[in-house]
Amino acid sequence: MKKEVLVIYYTQSGQLLDIIENITESLKNDNTNITFYKIETNPEFEFPWKQRNFYDVFPESFLQIPCEIHPPDKEILSKKYDLIIFGYQVWFLTPSIPVNSFLKSEYAEKLLKNTPVITVVACRNMWLQAQEKVKRLFKSVSANLVGHIALVDRNINHISVITIAHWMFSGKKDRYLGIFPKPGVSAKDIKDAKRFGPPISDSLATGNFSTLQNKLIALKSVYISPFLIQTDERGNIIFSKWANLLIKKGNAKQPERIKWTRIFEFYLQFAVWVITPIVFIVFLLTYLPMSAKRNRDITYYSSVELKEN
Ligand SMILES: Cc1cc2nc3c(=O)[nH]c(=O)nc-3n(C[C@H](O)[C@H](O)[C@H](O)COP(=O)(O)O)c2cc1C
């Protein structure tokens, strides 16, 4: 019998779809059917972003408040899959609203329950806590996470902050002012994502996914910046306070919420340009004493395990 693979994804720029197409290239053969399902929301999120809309979506993103999604085709829902490839991007240290909305919908359990799933993330560089949130949502629908691939912008953090803003607000994945590097995942990393196909194909053929993540890690499917572990964790604590404050101000059109969203925007700039460099100095000063914990964290975040809190 043919193997059935479903790709569930959401992307605005198309970068993530390019990556997934490269990963699945070696899965395309006579024994495998690959179906693509793009999550679509109502209303759609506009791309390129207007600066105001970008910050407006923060509380709903971070608090994982779902919006309406279009149901998948009946044919997609009627099958049982041997493997699901789940592609998402990160919005404010959290899976994007379309992705949260799908995972909280009735369709998630229908499609993902007791099914091996590989997550594919393409984001700026901070995906660790977003993946933890995805792991928890997977657990709630009894999905079986068996592999994880995360591709990021490899330029230094502050450069990628500037270049991603240019990309998101102009829709152009090009060199800002002609001097900055291109934003997002590099063309080489997108192309080289093909290397993840063969081990996935082997696991699919045998139905044994138990060693897949170790094989993907050996192919450098995840890179974890030790500094960003802390930044992501602390960022979540601070974002939680801001998101809960902003959501109490009503919907994105309410004047009071608009006012506080502008304050949040300024705070974010301050956090990126003033607080983060200070935290980086503290990180360097505590580099040696923290090395055992850092290694434990890297092992954990590279894995497909979920820590019970
Ligand atoms: C509203 C918004 C918030 C974002 N927040 C983050 C973030 O917290 N961490 C991160 O690494 N990337 C973040 N990004 C970048 C996205 O993860 C992703 O790289 C970008 O949206 C391109 O995705 P696409 O090519 O699939 O459309 C954000 C993007 C948007 C639009």
In region 177-250, the trypsin sites (Lys or Arg not before Pro) that sit in a DSSP loop and have at most 13 other Cβ atoms within 10 Å of their own Cβ are 220, 248
Inter-part gap, Cα centre of region 95-163 to Cα centre of region 220-244, in whole angstrom, is 14
Cα pairs beyond 38 Å in the chain, in percent, come to 12
Region 136-272, convex hull of Cα, quarter of hull surface, nm² -> 11.8
If 168, 290 are placed from fewest to most neighbouring beta carbons inside 10 Å, the sequence is 290, 168
Quarter of the surface of the C-alpha convex hull for region 229-296, i.e. direction-averaged projected area in nm², equals 5.3
Rounded to the nearest Å, the spacing of the alpha-carbon centers of region 1-54 and region 250-309 is 28
Here the averaged projected area of region 32-139, based on the convex hull of its alpha-carbon atoms and given in nm², is 7.2
Within the chain, excluding any GluC sites (Glu not before Pro) found in a DSSP loop (not H, G, I, E or B) and having at most 15 other Cβ atoms within 10 Å, the longest uninterrupted segment runs 47-304
Contact order relative to length for the chain, counting C-alpha pairs under 8 Å separated by 6 or more residues, stands in percent at 20
Going from the fewest other Cβ atoms within 10 Å to the most, one would list 296, 136 as 296, 136
Listed by chain and number, the aspartates and glutamates with an alpha carbon less than 17 angstrom from that of residue 133, same-chain partners under 8 positions apart left out, are 60, 109, 232, 233, 297, 305, 308
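Each reported figure results from applying straightforward, stated rules to the coordinates on display, with no laboratory input. No experiment lies behind these values; they were computed from the predicted model shown. Because the Cβ atoms are built from the backbone with ideal geometry, glycine has one as well, and the counts that use them run over all protein chains shown.
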